[in-house]
Structure formats: C-alpha cells, structure tokens
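Data first, discussion second: the structure below is written as structure tokens.
The values are calculated or read from the model by the stated rules, or taken from the named source; none is laboratory data. Given the structure is predicted, the values throughout are model-derived calculations rather than measurements. Cβ coordinates were reconstructed from backbone atoms using ideal geometry, including for glycine residues, and neighbour counts include every protein chain displayed.
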Amino acid sequence: MSRRWYAITTVVLALAVGACGKGSDDGGDSSGGVKTGPGTTADTITLGYLPDLSGVFAPNGKSMMEGAKLYWDAKNEAGGICGRKVELKTQDTGYDPQKAVAAYQQISGDVVGLGLVLGSSITSALLPSVKQEDMFLNFAGWTSDILPNENVAIAGTTYDIEAINAIDFLMREHGLKAGGTVGHLYFEGDYGENALQGSKYAADKHDLKIVEQKITPADTDMTGAVAAFRRAGVKAILFSAAPPQAASLAGVATSQKLDVPIVANGPGWTPQLLTTPAAGALAKRYYVVSSMAPLNDESEGVQKFLAAYEQAYPKGTPSSNGSLYAYAGAQIADAALTKACENKDLTRKGVLDALHSLTALDTGGTIAGKLDFSDPSQPPSRLVYTARVRKDAPGGLAVIGEPGTSDDAESYQFGGS
Amino acid sequence: MSRAPRAAVAVGVVVVVAALPLYLESFWLQTALFSMGAIVAAIGLTLLVGIAGQLSLAHAFFVAVGAYGYAFLAGTEAAGEDGPAGLGLPPLLALVGAVALAGVAGALFSPISGRVRGIYLGLASLGLVFLGQHVLQNATSVTGGYEGVAVEPFGLAGFGFSDSDPDLTIFDVPYGRLERLWYLGAVLVALAVWYGRNLVRSRPGRALATVRDGEIAAAVHGIDVVRYKAAAFTVSSMYAGLGGVLTALAFGRIVPESFGFLLSIDFLVMVVIGGAGSVGGAAAGAVFVTALPLVLNHYSGSLPLLAEPGGGGIGASEASRFVYGAAIVAVLLFARDGLSGLVRRSQSREVKESLI
C-alpha cells in the first residue's frame, strides 16, 4: 500500500467526521421585542450594496458610494435606526451579471435587503433569488419595465414619464406645436426604449412626429443622427443616452446650425460635461428632466445633502444621479427600516411590508414629490424636476420652477404596450 | 501505480467531490458552478484551436445558443412575468436539444470555417458574436430582450435541481439549488473531460492534428480535410452549448450581456493559459479566468493593500484585472505552451534527474 492510499483515506475520514460543516440559522430571533432575521440583530442592521466600481459605470458607482456613506455615517452618528447601527456590505459588480450573481451569493446571507443595485440586466439576473428571499431592492435605474414588482423600489418616477413631461415642457416653453417634429436619440436597451415608449405616447396625444435615432453606448459620434434630424426638420431633440453622446450631440448640432432645444433624461447629464469643449453649446440649449433634484434646488433635503457633501468631500463633484441618488435611496431604505422597527418586525418580510406601507414619504426634495410605495405596479411618484445647464450652479444644473407633472403623464398607463 | 491504489484514488476523488457541498458556502458553490460551465466550453475551444488549428472568436455565440436554447426548450409554455414562453420539454430532453442546437449552429457555420483560415477565420467568426447580441436583444419573444429569460431548473426522474421539490437535508445541511447543481456540474465536467481526452488520442484526433499541421499532407494520407474541419467545428460548438446550459442553470436567469465579445476573448485566454490542445490545461485555464476575479473580489476586505469597495485607492476589481493581465503576460513569456506544458516539462525534468 502506498502512502497516497493513507493520505486519501485520512482526507476522506476527516471530511466524514467533520460533516455538517455549515448549518443554517435563519430562524426568526427576537431581541427587545423586535423580531429579527438575516441581516438584523439587537444592535446592527446590515444592508447590501452592489454598485459598479470597475466597469463602464465606475465613475458613477464611486459617486454613489460617496452619497451612501454620507447618509449612513450621519445616521449612525445620530444613533442609527431604533438603536441599531447600520452597516454596509459592499461588493463590486463590474456591471457584469456573472460577477453580480457571485457577489450576491456572498453577501445575501448577511443582509436584510439591498440598498443599491446598479443596472437593469443585473437586477433581472438577481430577481429570482431576491424574490425568494423576500428582500427589498433599491434599484438604481428608472425603467418602468421592471414593474410590477413587489421587491423593487424605484427612486421617483420612470423614464417614460420623464419623456412625456419633457414633451410637455417643450410645448409649454419652447413653442413646440401639434404637427411638429421631434427627434429622439436613444440607447438600445431598457433605458432608451423605455423613454421612447413615453415620447411616442405623448406624440400620439399631441399629433407630433417622432424621428427615432437608435444608438448603442459604443457610438460616440452623433454626426449621422444630427444630419437625420436636420433633414427631418426637428423642432426639438429628446435625448435618452449617456454624457459622451450628449457632448457630441450638442457640439455637432451647434456646428451644423441645428439650433433647437435638447431635453435629456436624468442619466444624460453629469457635471463633468462642463469640462468638455461642448460646455458652451450645452449651456445654451440643454435641459434635463428627472426625478432627482438639481443641486441648486432650495429644498431643505437637497441643501442638507449639499452641505454635508462639501464638508466630507471638499474635492469631489456632487451629482444628481450619482451621490444624490444613493443618498435618496438611503432615505427610502431608512424610512422602510424605521417603520419596520416600529412594527416590531425587522425580518426581511417585515421590512418589505413596511416599505409598501409608506404612502407619502417626504425626502425633503431630493426626489420629486411625495413617494407612495403602496402599489407595486406603479412608480412611487409621477413628478419630475426640470432644469437647465448653468455653469456656476452646483452640479451644473439650475432648476426651473417647482417639481410637476403633465396631464398626459398622470393618465399614462404602465404595462409596456 | 498498481491497479488497486489507482481505483482507490478514483474512489477518494469521487468521495471528496461528493462531500464538498457539505462544506462550501454558497459563494464558493456559485463560483464553482460558473467555473464548471466555463471548463466544459473551454474544452470545446481547445479541441478546435489546439487540435484542429481553427481560431474561433465565436465561442460566446455558441455558448449563448446552448444557454438560451435550454431556457427556451425547457421553459414553461405560458408567457408570464418571468419572461417569454418556452416549449415546456422535460429538462433532460431540453439539455440534449440545446446541445444539438449549438451543434447545428456550428455545422451551419462550418462551410465558412472550412474555407477560411487562421486570423481570417477569427475575424469571420467574430461577426457571429455581434449578430448573436443583436438577436438576443431584439428577438424578445424568445430571448426576453435585455430583461433576459428565467431558466427552468434542471430535473431528473422527479428530482428537481432547485431549492425544493423535494426538500432535502443531508447532515443538517439543507440541499438547495447550488448544492444539487454541483453534482450535475461535476458529472458533466467528468464526461466532457473523458470524451475530450479520448477524442484527442483517438484516430479522428490524430487526423485533426495532421490537418492542422499540413492540409495537403493530410489529404495525401486519405483524410477528408473538409469533413474533418466541419466535424471539429460542430463538436466544439456542442461543447460550447453544454457549457452554456450549465452556465444558464448556474445563473437561474440569463441576460444578453453575459454572452458578449469579452466572453469570447475570455475563452481564448483560458485556452492559451492552459496550453492550446490540452484538455486538462483548458480546464485549469477556465477555473483561473473565471474564478480569479470573483475570488479576489471575495477577499477584498481582508487582503492587504486593497481598498474596501467604495473607498479610494486600488480596489479588488482593479487589482484582479492587473493580476489577470500579468498572468497572461507571464504565461506567454515563460510558458509558451501554457500551464499544461509547464507541468509536462517539470515532469520530464524529474525523470531526467532520476536517471542521472
């Protein structure tokens, strides 16, 4: 008999003797009269964060984590949620569904819910597990395709509602009239196509013609799109793509004398655009319609965020859909957890139920409108902020008026078609 | 080694593999399952690139055909909020069907692969990946578009490879989807390795190697070059399809982003790192490429020098990219024939030293 024999026998025996290496203890405990479950104990609450820190959205992901840290650090300093400290378990997804699923498996046992998940395809990949484990999921995206969904919380309204309000804004303020033509430049995929549903709906209502230009995130030269818009004689352009395309679109449109307003969805803006050569063109004609507040908004919540941000990150650049979004997402999670604690039930199901019992959550203005999470088939709000680019405003955007919504947006029905 | 200990080694390996799900946390099981899917598909590519000498960048496409093929064939017949409708076939039949589908896709492409060589074939096959992405995004009635499609759990003779159906607890460890899939994955990997090795050593394998080294010489020896090249492409695609099915089962829900151009590159890297043409090397390369980023991410909190996710400095994901890149460069520099060549040379050195 060889030595190998003994070695193997030893390993096998060791494995057999030490069986039940991992057990399960998901049982509902109770501490201080409050039922706890995975991710919650007598003195901590753990939230999972799955941002993209190394993929295509890494700059935005890092900005988001700044906002989240800002909120929870302040919260913990003020005593936490019903005496419990909030801890974050953060895992990078790299905007890769495979990494995201592995990262989720790693943290899912230790968290009560997901404080932030970036990317619709990643959210789609995680949903079967999230649903089964009754977690809530703060979705860092605004597509109505995800609805109806019991587990997902959207911060504000969706891209289609934004686009409907964008058309309304153009008709009110920029002389767009029935029978006119509007160009819509949008990304292939959930974000752009969701916005297109909205613009088509509004166009139908007001007898407008939509000229579609579908692009992918890899396209960065908008010369072709601008030429097509010029040929069609568009009176305005809706924009549902990313900042690199925005810089090209505004620059090329100016050089080609296509002198029309451009209205973008929230993700179409980042303050960094002001450092590009297109800054002048953008300041002249670029508008943003979004549920996230422009940072020069006077509301209490936004000012509080801005003051805290400038103190914590003096060299950073705050952004509406980066740091402010994660800050606002934390406000939603905070409200749900606080409510769950009042209900003496900090289990995952308890937190999910608490979220759906929020009917008028006031974020102090970081998200447009009061948020109503009671109906999983609707976004929690239909209000949007409208803003224009201004170089000296924090975050580069200056708010126009109060948050509002059009009659078309109010009567719009969700459901894809 | 004599016969008895050799059998004992085999038994030992089987017992260890069978016992591992009792110990491994779900993260490790998930990582292992992704690796297993990659192993099966990478073996297919190493046969094609290393043995038959055809460079293919379309592997991600065939993996997608397998994954989406299974999801469609096994999917429930009614379209619901989980995604589009499927054919509702029994899972085993769907698995075989998906592999066959990938094989057919490969066979359809083989007239091109038979005519075009080397880097030109690589570019020609690259088109398939982009074509595939476009179809996956837009053929929403089958693929669900960007929202993806839910993958029906595997099942065999009434036993479901899911979290319940029936509930199963062994040594106090509840056996969920991942634990059960581990065994399916292990069996499929074993079959893939066994078949791949036999193919390399068999008559068709030698014929393919002859085609690779010189088509005219091969033809002179009576080898039907066109037919063998087509067969190699088909077999490789079937491997990719099987790897795709396993990957789909490991995900639970598949989205187009998982099967893009980068995956094709990853497969090529697996094969090169492992040593083109070596089945064991491809398996090692697959584990290396698939698991390294996930594992580095996993230990990001405890590794020195690496920043916590969300903090400043170099994070785990950046670090894993650096290590990944460095590993490829190191292998190309110091072990032209990959990990398998490294192992082979160190063995032959031992033999030489023992002779002295």
If you check B:Gly205 against the conditions, is it away from chain A (no Cβ under 14 Å), assigned to a helix (DSSP H, G or I) and within 22 Å of the chain's Cα centre (by Cα)? yes
Which condition breaks for A:Ile107 when tested against (1) among the aliphatic types (A, V, I, L, M); (2) out of contact with any Phe, Trp or Tyr (no Cβ under 8 Å at 6 or more places or on another chain); (3) modelled with pLDDT of 90 or more? (3)
Take segment A:182-223 and flag every residue that is under 20 Å from B:Ala139 (Cβ atoms), polar (S, T, N, Q) and touching a helix residue (DSSP H, G or I) at 6+ places or on another chain (Cβ under 8 Å). A:Asn194, A:Gln197
Mind listing whichever residues of segment A:383-392 are surrounded by fewer than 24 Cβ atoms within 10 Å (Cβ to Cβ) and either in contact with a Leu (Cβ under 7 Å, 6 or more places away or on another chain) or among the charged types (D, E, K, R) (or both)? A:Arg388, A:Arg390, A:Lys391, A:Asp392
Has segment A:168-179 got any residue that is under 16 Å from the mean Cα position of the chain (by Cα), buried (at least 22 other Cβ atoms within 10 Å of the Cβ), at negative phi and away from chain B (no Cβ under 14 Å)? no
Consider A:Phe239 carefully, then state whether it is assigned to a strand (DSSP E or B) and either surrounded by 19 or more Cβ atoms within 10 Å (Cβ to Cβ) or at pLDDT 95 or above (or both). yes
Tally up the residues in segment A:259-276 that are in a helix (DSSP H, G or I) and within 20 Å of the chain's Cα centre (by Cα), please. 6
Inspect segment B:76-89 for any residue being buried (at least 17 other Cβ atoms within 10 Å of the Cβ) and assigned to a helix (DSSP H, G or I) and give the result as yes or no. no
All-but-one check, A:Ser63 against (1) among the polar types (S, T, N, Q); (2) in a helix (DSSP H, G or I); (3) at the interface with chain B (Cβ under 9 Å from one of its Cβ atoms), failing number (3)
Expected output for segment B:4-24 (first residue more than 8 Å from chain A (Cβ to nearest Cβ), partner modelled with pLDDT of 80 or more, Cβ below 6 Å, 6+ apart or cross-chain) is B:Val17/B:Ala186; B:Pro21/B:Glu179; B:Pro21/B:Trp182
Can you tell me which condition B:Pro166 does not meet? The list is (1) touching a strand residue (DSSP E or B) at 6+ places or on another chain (Cβ under 8 Å); (2) assigned to a helix (DSSP H, G or I); (3) without any contact (Cβ under 8 Å) to a residue 40 or more places away in the chain; (4) not basic (Lys, Arg), and all the others hold. (2)
Checking A:Tyr191 against (1) modelled with pLDDT of 90 or more; (2) within 26 Å of the chain's Cα centre (by Cα); (3) among the aromatic types (Phe, Trp, Tyr), the condition it does not meet: (1)
Of all residues in segment B:125-173, which are acidic (Asp, Glu) and modelled with pLDDT under 80? B:Glu147, B:Asp163, B:Asp165, B:Asp167, B:Asp172
Collect the residues in segment A:82-104 that are modelled with pLDDT of 85 or more and surrounded by fewer than 24 Cβ atoms within 10 Å (Cβ to Cβ), keeping them in residue-number order. A:Cys82, A:Gly83, A:Arg84, A:Lys85, A:Val86, A:Glu87, A:Leu88, A:Lys89
Output the number of the condition that A:Leu361 fails; it satisfies all remaining conditions of (1) buried (at least 19 other Cβ atoms within 10 Å of the Cβ); (2) out of contact with any helix residue (DSSP H, G or I) (no Cβ under 7 Å at 6 or more places or on another chain); (3) not hydroxyl-bearing (Ser, Thr, Tyr). (2)
Please give the number of the condition B:Ala217 fails out of (1) farther than 15 Å from B:Gln54 by Cα; (2) in a loop (DSSP other than H, G, I, E, B). (2)
Of the conditions (1) under 17 Å from the mean Cα position of the chain (by Cα); (2) in contact (Cβ under 8 Å) with a residue 40 or more places away in the chain; (3) surrounded by fewer than 24 Cβ atoms within 10 Å (Cβ to Cβ), the single one that B:Phe233 does not satisfy is (3)
Just name the residue that is nearest to the other protein chains (Cβ to nearest Cβ) out of those in segment A:40-56 that are surrounded by fewer than 24 Cβ atoms within 10 Å (Cβ to Cβ) and touching a Phe, Trp or Tyr at 6+ places or on another chain (Cβ under 6 Å). A:Gly55
Just to be sure I understand the filter: pairs with C-beta atoms under 6 Å, separated by 6 or more residues or on different chains, first member in segment B:146-158 and on the phi > 0 side of the Ramachandran plot and within 14 Å of chain A (Cβ to nearest Cβ), second member buried (at least 18 other Cβ atoms within 10 Å of the Cβ) and part of a loop (DSSP other than H, G, I, E, B). Which pairs pass? B:Gly148/B:Val255
Could you check, for segment A:201-215, whether at least one of its residues is part of a helix (DSSP H, G or I), touching a Phe, Trp or Tyr at 6+ places or on another chain (Cβ under 9 Å) and either under 18 Å from A:Leu170 (Cβ atoms) or modelled with pLDDT under 95 (or both)? yes
Reported set for segment A:281-317 where residues are part of a loop (DSSP other than H, G, I, E, B) and farther than 29 Å from A:Ser406 by Cα is A:Tyr313, A:Pro314, A:Lys315, A:Gly316, A:Thr317
Residues located in segment A:76-110, provided they are within 14 Å of chain B (Cβ to nearest Cβ), among the acidic types (Asp, Glu) and not in a loop (DSSP other than H, G, I, E, B): A:Glu87, A:Asp110
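One line per residue, one yes/no per condition, for (1) of a type in the set (Phe, Trp, Tyr); (2) free of Cβ contacts under 8 Å to residues at least 12 places away in the same chain; (3) over 19 Å from A:Leu282 (Cβ atoms):
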| position | (1), (2), (3) |
| --- | --- |
| A:Ala203 | no, no, yes |
| A:Asp207 | no, no, yes |
| A:Ile210 | no, no, yes |
| A:Arg231 | no, yes, yes |
| A:Leu238 | no, no, no |
| A:Ser248 | no, no, no |
| A:Val252 | no, no, no |
| A:Ile262 | no, no, no |
Subset of segment A:66-75, residues basic (Lys, Arg) and more than 14 Å from every other protein chain (Cβ to nearest Cβ), comes to A:Lys75
I'm trying to understand the selection: among the residues of segment A:314-328, which are buried (at least 24 other Cβ atoms within 10 Å of the Cβ), more than 15 Å from A:Leu53 (Cβ to Cβ) and among the polar types (S, T, N, Q)? A:Ser319, A:Ser320, A:Asn321
Checking A:Thr123 against (1) more than 9 Å from chain B (Cβ to nearest Cβ); (2) in contact (Cβ under 8 Å) with a residue 40 or more places away in the chain; (3) assigned to a helix (DSSP H, G or I); (4) buried (at least 21 other Cβ atoms within 10 Å of the Cβ): exactly one of these is not met. Which one? (2)
Subset of segment A:242-258 that is farther than 20 Å from A:Ser199 by Cβ, over 24 Å from the mean Cα position of the chain (by Cα) and not hydroxyl-bearing (Ser, Thr, Tyr) - its residue that is surrounded by the fewest Cβ atoms within 10 Å (Cβ to Cβ): A:Lys257
